[in-house]
Amino acid sequence: MIDNTTDVLIYLDHNVLDKIAKEQLETIFRHLSPSKIIPVYSDESLQEIAKAKGYEDKFLSLLKEIDAVYLRLENVNSRYTGKAAFIHIDPFEAYSQYIGNKRSMPELGYGLTGMLHKFYGGLNDKTFSEVLTLGINELLEELDNSVTDLQCDENLCREHRVAAQEAVAQIRNVLPQMYGDMGKRLDGNTRTSTIVEQIEKSLSGGPKILNNIKKPNVVRQIWDLVNERFPDNALTLDMFFGLTPDMYGHADKRELSLVEKVNALYHQLNFLGYHRDSKMRDRNRFNASYSDRSHAGCAIFCHYIMSMDKRFIKKTAAAYEYLGVFTKTVHLKLQRDVQGTK
């Protein structure tokens, strides 16, 4: 049972588990607080462990040895509710459940993830049109499989089966044209620089300018630079950084949860070039950036988040500052000294 008055929850980035031995962790925990320290991991942590082929047991054993607690975000209809639970469970059991329930995302993320990766200079062997076409195929294949499953569901009425078929047919008619036009426009860009390089040059100046911004009010300072490009006040800060429901297209116009806002803000900061994650054109590094963003969102339920990645800490701290998240960021260095940033 977690005692909110005495226990200190520290969310561990995967690089901490990867680089720091248990004895060093204990030393750092004693340095941070005299209270009871509780290390925390999440589904995103388990996903990174799953990628460490051959070393899964090593990481799970370490989580067990340091009595880490499993953080599970509440998710309803693929949307975070803003609630979470801390579960005392054997990490091996948590991992087994995660693998059993894991839903794999297709390679190109229905075209959208692939398009973003290409923005950073990745997928050089494909045009934007090819990426988006392959993404459509990924989506249609999944939808067709879902419709087939529905047709076999005896509890579903005929009207619902027909409605599902019609919806897929409509998507099949609309998406190729919409994605095709988008692909042609993007492929028509003959410049040698990547889309991201063009955007950062026109909006913010990129890392050379943004990385020199000092706290406080990092996000607002970046917005002041960007806002100069929108003299008609067509956008607000929250709209630009994806913090409003309209920018996500939610039909119910619901307020985004704090987890989603952290994720959105982290993504946009990285996209603009604020301490951008390295080698984004590389597939593994691109995917790792998505994991980092998710870690930042998960950690809002803890007192601290600890990482050895300075770029990650910078973006996370900036997002937390703007959104009023109480979680403190801790940059863990190899020489064992701890630098907190808030």
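The values are calculated or read from the model by the stated rules, or taken from the named source; none is laboratory data. The structure presented is a predicted model; accordingly, all values stated were derived computationally and were not measured. We place every Cβ from the backbone using ideal geometry, glycine too, and count neighbours over all the protein chains shown. Areas reflect the complete protein model, heavy atoms only, side chains present, ligands, DNA and RNA absent. Shrake-Rupley method; radii C 1.70, N 1.55, O 1.52, S 1.80 Å.
Quickly rank 324-330, 202-208 as a protection proxy: mean count of other C-beta atoms within 10 Å, highest first.
Numbers: 324-330: 18.0, 202-208: 15.7.
Per-residue Cβ counts within 10 Å, averaged per peptide and sorted highest first, yield 324-330, 202-208.
Once you place label points 7 Å from the Cα toward the Cβ at Lys214 and Ile2, how far apart are they in nm?
Going from the Lys214 label point to the Ile2 one covers 3.5 nm.
To the nearest 20 debye, what charge dipole does the stretch 270-322 have about its Cα centre, counting +1 at the Cβ of each Lys and Arg and -1 at the Cβ of each Asp and Glu?
Charge dipole of the stretch 270-322: 260 debye, to the nearest 20.
Is there a pair in Lys83/Lys261; Lys36/Lys58; Lys64/Lys279; Lys83/Lys215 whose C-alpha atoms are over 22 Å apart, and which pairs would that be? Don't jump to the answer; show the numbers that get you there.
Values: Lys83/Lys261 14 Å; Lys36/Lys58 24 Å; Lys64/Lys279 33 Å; Lys83/Lys215 29 Å.
With Cα atoms farther than 22 Å apart: Lys36/Lys58; Lys64/Lys279; Lys83/Lys215.
Enter the accessible area per residue of the chain (Å², integer; probe 1.4 Å; all protein chains in place).
Per residue, the chain has 54 Å² of solvent-accessible surface.
Share of Cα-Cα pairs in the stretch 226-328 beyond 24 Å, in percent?
Details: 1381 of 5253 pairs.
So the portion of pairs separated by more than 24 Å is 26 percent.
Taking the mean number of other Cβ atoms within 10 Å as a proxy for protection, how do you rank 42-51, 214-223 from highest to lowest? Could you put the intermediate results ahead of the total?
On the way: 42-51: 20.8, 214-223: 16.1.
So the peptides 42-51, 214-223, ranked by packing, come out 42-51, 214-223.
How large is the charge dipole for the chain, taken about the Cα centre, if only the Cβ atoms of Lys, Arg (+1) and Asp, Glu (-1) carry charge, to the nearest 20 debye? All intermediate terms of the calculation are to be shown ahead of the outcome.
Values: 44 positive and 46 negative charges, 297 e Å.
Approximately 1420 debye in magnitude.
Dividing the alpha-carbon radius of gyration of the stretch 63-187 by 2.2 N^0.38 Å (N being the number of residues), what value is obtained?
Working: Rg = 19.7 Å, N = 125, 2.2 N^0.38 = 13.8 Å.
Here the answer is 1.43, to two decimals.
What value, in deg cm²/dmol to 500, does the helix sum -39500 (n - 2.57) over DSSP H runs of n ≥ 4 give at 222 nm once divided by the residues of the chain? Let's see the in-between values first.
Numbers: 16 runs with 185 residues, N = 342.
Using -39500 (n - 2.57) per qualifying helix, the result is -16500 deg cm²/dmol.
Which stretch or stretches of the stretch 280-318 have amide N atoms under 12 Å from the point lying 7 Å from Lys19's Cα along the Cα→Cβ direction?
Residues passing the 12 Å test: 307-313.
In Å, what Rg and Dmax follow from the Cα atoms of the chain?
Just the Cα atoms of the chain yield Rg and Dmax of 21.8, 66 Å.
Between Gln97 and Leu156, what FRET efficiency comes out of the Förster formula 1/(1 + (r/R0)^6) with R0 = 30 Å and r the beta carbon distance, rounded to 0.05?
Calculated transfer efficiency: 0.60.
Whenever you get a sec, compute what percent of the accessible area on the chain sits on carbon and sulfur atoms (1.4 Å probe). Don't skip to the end; give the middle numbers.
On the way: 9170 of 18400 Å².
Accessible surface attributable to carbon and sulfur in the chain totals 50 percent.
Using the beta-carbon distance between Gln165 and Thr236 and R0 = 35 Å, what value does 1/(1 + (r/R0)^6) give for FRET efficiency, to the nearest 0.05? Show your work: numbers first, answer last.
Details: r = 41 Å, r/R0 = 1.16.
E(calc), rounded to 0.05, equals 0.30.
Report, please, the projected area of the stretch 141-292 averaged over directions, based on the convex hull of its C-alpha atoms, in nm².
Working: hull surface 52.1 nm².
Averaged projected hull area, Cα only: 13.0 nm².
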